[in-house]
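Q: Structure incoming, see below.
Where a number appears in this text, it was derived from the coordinates with a stated rule and is not lab data. Everything quoted here is computed from the prediction, not taken from an experiment. Note: ideal-geometry Cβ built from the backbone for every residue, glycine included; neighbour counts use all protein chains shown.
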């Protein structure tokens, strides 16, 4: 039993001193997938996708990715300007685009 305690103490001392392995700052996060390490760029998010339209004359709604939005909502850097039964109009910096269900917002 004493031998196990001595081995455990030695292992703790080696880890604390940094011997036998990389420094903590060099370790990668085990919950991050891909090459991700310190200083790596964060991958860009894909553009939002219009899943569908919930049509109502009084309060039309759109489903974008996993959220329900109304006219005036901001999504992925775009603002929802209008909702029609066949799609939505989005705008950003004076540019207007019409997106139909199943399609992604423009990436640029």
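Q: With each pseudo-label sitting 7 Å past Cα toward Cβ, what's the residue 32-residue 2 distance in nm, one decimal?
A: Output for this residue pair reads 4.6 nm.
Q: A further question follows. What's the extension gain from residue 84 to residue 44 if we count 0.36 nm per residue and subtract their Cα-Cα distance? All intermediate terms of the calculation are to be shown ahead of the outcome.
A: Details: separation 40, 0.36 × 40 = 14.40 nm, distance 2.93 nm.
Length gained between residue 84 and residue 44: 11.5 nm.
Q: Okay, next question. Can you report the principal axis dimensions of region 50-99 using only the alpha carbons, biggest first, rounded to whole angstrom?
A: 28, 21, 15
Q: With r as the distance between the Cβ atoms of residue 108 and residue 58 and R0 = 30 Å, compute the FRET efficiency 1/(1 + (r/R0)^6) and round to 0.05.
A: Details: r = 34 Å, r/R0 = 1.14.
Taking R0 as 30 Å, the efficiency between residue 58 and residue 108 is 0.30.
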